[in-house]
Amino acid sequence: MPAEFIQFHKPHLDQKTIDSVVETLKSGWWTTGPKVLKFEEEFRKFVGAKYAVAVSSWTAAAHLMLEAINLKEGDEVIIPSITFTATAEIICYFNAVPVIVDVDPFTLNIDPKAVEKAITSKTKAIIPVHYGGIPCEMDQLLILAEKYNLKIIEDAAHAFPSYYKNRMIGTLGDATGFSFYVTKPLASGEGGMITTDNEEIAKRASVMRLHGIDKDGWKRYTKEGSWYYEVIAPGFKYNFTDIQAAIAINQLMEAEKLLSARKHVSDYYDSVFANNELLDIISIPDDRKTSYHLYVIKLNLDALKIDRAEFIELMKERGVGCSVHFIPLYKHPYYRDKFKLDPGKFPVSESQYSRLVSLPIYPDLSDREMHHSSNSVIEILTENRR
Ligand SMILES: *Cc1c(COP(=O)(O)O)cnc(C)c1O
């Protein structure tokens, strides 16, 4: 193992963030307080949505959004095969059915044609996942939603900030969930946000994120607060904290800078990998802008003597950490067995999955590191050409 190992991901940290966290700790607001409110307001303005509701994770956000649209046992929700298990598990919380469909071979985003084929009288919603930060074909999905009276609840865990036809992700569907998990483009360790223009969804999610307490439950220990509150439903404990918000506010203020730092890495990788017959890269459709959350290469396995697992091992030997996004849902024992999923029903996912490798991309990745990472890719592929 080389002395220096390039981690697959490292969070961005600056002195301002450290100072802000220390100041928050000294302020006594360790859980939900003024910083969370400020972050919600700044995030809402940045995205251009009517409401923003901060929560403890994307998973919490999605649970609340599906609760707010009144998802019921037996309802069906259409999701893509290539995503994280969170996208599917939240549907199972309701004893509803995740209907897993195939993806587009180029962007790996949910395929609108596969979505339409999967719609039944029980379909209640679609959860598009903006894979790696590249927005899904939203117009086609919005047309389907209108035609079949479905809700669109977006998985924007990767997509901050991303744009579809100059509209920001977070303003298109009925409601959108963001993740602030440590690896995500805006990170606070753990955290999430719902954005929506729908007042009912925003209100219900705000109440349910903190025990179902009617309103401003977090204020009850302040001067303006009162000891009296009413519980209107058995809610959850999904609130965001001021310590997390201190980190998130700084990341939000730096969002453009962090984005261009990721773009710098992506542009460099693109320039090195273009026109190499041993791999394919994902090109961004002209009408969209990505957050550059992931940089995914697709190995041309037919031209190689090694498989993806061997490739990742060789990258590791050269000191470069890689990952895979994602193991298709139908391959996991739970979904495969419970919903009797046949891999043959997902030909695109099947042909793409075994080729996918995610390379390091983050603002603090140095030029030297990105050169080493891309050189390693080229050397390994060239040495292992069939
Ligand atoms: C990270 C991720 C999630 C889950 O986000 P959490 O904030 O960790 O709950 C959901 N969907 C996708 C596509 C993700 O990558």
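Selection of segment 76-94 for residues being surrounded by fewer than 24 Cβ atoms within 10 Å (Cβ to Cβ), touching a Lys or Arg at 6+ places or on another chain (Cβ under 9 Å) and not in a loop (DSSP other than H, G, I, E, B) yields 76, 92. Among the residues of segment 353-366, is any free of Cβ contacts under 8 Å to residues at least 40 places away in the same chain, surrounded by 12 or more Cβ atoms within 10 Å (Cβ to Cβ) and not aromatic (Phe, Trp, Tyr)? No - not one qualifying residue is present in segment 353-366.
The requirement of being within 16 Å of the ligand (Cβ to nearest atom), out of contact with any Asp or Glu (no Cβ under 9 Å at 6 or more places or on another chain) and within 30 Å of residue 379 (Cβ to Cβ) is not satisfied by residue 247. Picking from residues in segment 187-221 that are β-branched (Val, Ile, Thr) and farther than 17 Å from residue 176 by Cα, the one that is nearest to the chain's Cα centre (by Cα) is 207. Which of the following residues is farther than 23 Å from residue 208 by Cα and either buried (at least 16 other Cβ atoms within 10 Å of the Cβ) or more than 16 Å from the ligand (Cβ to nearest atom) (or both): 72, 16? 16 is the lone residue from the list that is farther than 23 Å from residue 208 by Cα and either buried (at least 16 other Cβ atoms within 10 Å of the Cβ) or more than 16 Å from the ligand (Cβ to nearest atom) (or both).
Determine if segment 124-145 includes at least one residue that is over 29 Å from residue 356 (Cα atoms) and of a type in the set (S, T, N, Q). Scanning segment 124-145, I find no residue that is over 29 Å from residue 356 (Cα atoms) and of a type in the set (S, T, N, Q), so the answer is no.
Test residue 249 against the criterion of being touching a helix residue (DSSP H, G or I) at 6+ places or on another chain (Cβ under 8 Å) and either β-branched (Val, Ile, Thr) or in a strand (DSSP E or B) (or both), and give yes or no. Yes.
Among residues of segment 27-68 being outside any helix (DSSP H, G or I) and within 16 Å of the ligand (Cβ to nearest atom), the one that is nearest to residue 161 (Cα to Cα) is 52.
Pairs please, first residue from segment 137-152 and closer than 13 Å to residue 122 by Cα, second anywhere and in a helix (DSSP H, G or I), Cβ atoms under 8 Å, 6+ apart in sequence or on different chains. Matching pairs, first to second residue: 150/144; 151/145. Checking the structure you have, find out if any residue of segment 220-238 is acidic (Asp, Glu), in a helix (DSSP H, G or I) and either closer than 27 Å to residue 356 by Cα or touching a strand residue (DSSP E or B) at 6+ places or on another chain (Cβ under 8 Å) (or both). No, because not a single residue in segment 220-238 is acidic (Asp, Glu), in a helix (DSSP H, G or I) and either closer than 27 Å to residue 356 by Cα or touching a strand residue (DSSP E or B) at 6+ places or on another chain (Cβ under 8 Å) (or both). Annotation note: of 256, 313, 277, the sole residue that is not β-branched (Val, Ile, Thr) and not in a helix (DSSP H, G or I) is 277. Against the numbered list (1) within 12 Å of the ligand (Cβ to nearest atom); (2) over 28 Å from residue 31 (Cβ atoms); (3) surrounded by fewer than 22 Cβ atoms within 10 Å (Cβ to Cβ), residue 168 comes up short only at (1). Can you name the residue in segment 186-205 that is crowded, with 23+ Cβ neighbours inside 10 Å and of a type outside the set (A, V, I, L, M, F, W, C) and, of all such residues, is farthest from the ligand (Cβ to nearest atom)? Among those residues, the one meeting the criterion is 196. Between 27, 20, 56, the distinction of being under 24 Å from residue 206 (Cβ atoms), among the small types (Gly, Ala, Ser) and out of contact with any Ser or Thr (no Cβ under 9 Å at 6 or more places or on another chain) belongs to 27 only. Is it true that residue 252 is under 20 Å from the mean Cα position of the chain (by Cα), modelled with pLDDT of 95 or more, surrounded by 16 or more Cβ atoms within 10 Å (Cβ to Cβ) and farther than 30 Å from residue 311 by Cα? For residue 252, the condition - under 20 Å from the mean Cα position of the chain (by Cα), modelled with pLDDT of 95 or more, surrounded by 16 or more Cβ atoms within 10 Å (Cβ to Cβ) and farther than 30 Å from residue 311 by Cα - is met.
Within segment 171-185, the set of residues being buried (at least 24 other Cβ atoms within 10 Å of the Cβ) and either modelled with pLDDT under 95 or within 9 Å of the ligand (Cβ to nearest atom) (or both) comprises 177, 178, 179, 180, 184. Quick check on residue 357: is it touching a helix residue (DSSP H, G or I) at 6+ places or on another chain (Cβ under 8 Å) and either under 25 Å from residue 96 (Cα atoms) or assigned to a helix (DSSP H, G or I) (or both)? Criteria not met by residue 357.
Residue 24 fulfils the conditions (1) more than 14 Å from the ligand (Cβ to nearest atom); (2) over 23 Å from residue 225 (Cβ atoms); (3) among the β-branched types (Val, Ile, Thr); (4) in a helix (DSSP H, G or I) except for a single criterion, (2). Here residue 337 does not fit the description of being at pLDDT 95 or above, closer than 21 Å to residue 130 by Cβ and among the acidic types (Asp, Glu).
Conditions tested, residue by residue: (1) among the hydroxyl-bearing types (Ser, Thr, Tyr); (2) more than 25 Å from residue 182 (Cβ to Cβ); (3) surrounded by fewer than 20 Cβ atoms within 10 Å (Cβ to Cβ).
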residue: 242; (1), (2), (3): no, no, no
residue: 271; (1), (2), (3): yes, yes, yes
residue: 287; (1), (2), (3): no, yes, yes
residue: 323; (1), (2), (3): yes, no, yes
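The values are calculated or read from the model by the stated rules, or taken from the named source; none is laboratory data. Fair warning: this is a prediction, and the values are worked out from it, not measured in the lab. Please note: Cβ atoms are built from the backbone with ideal geometry, for glycine as well, and neighbour counts cover all protein chains shown.
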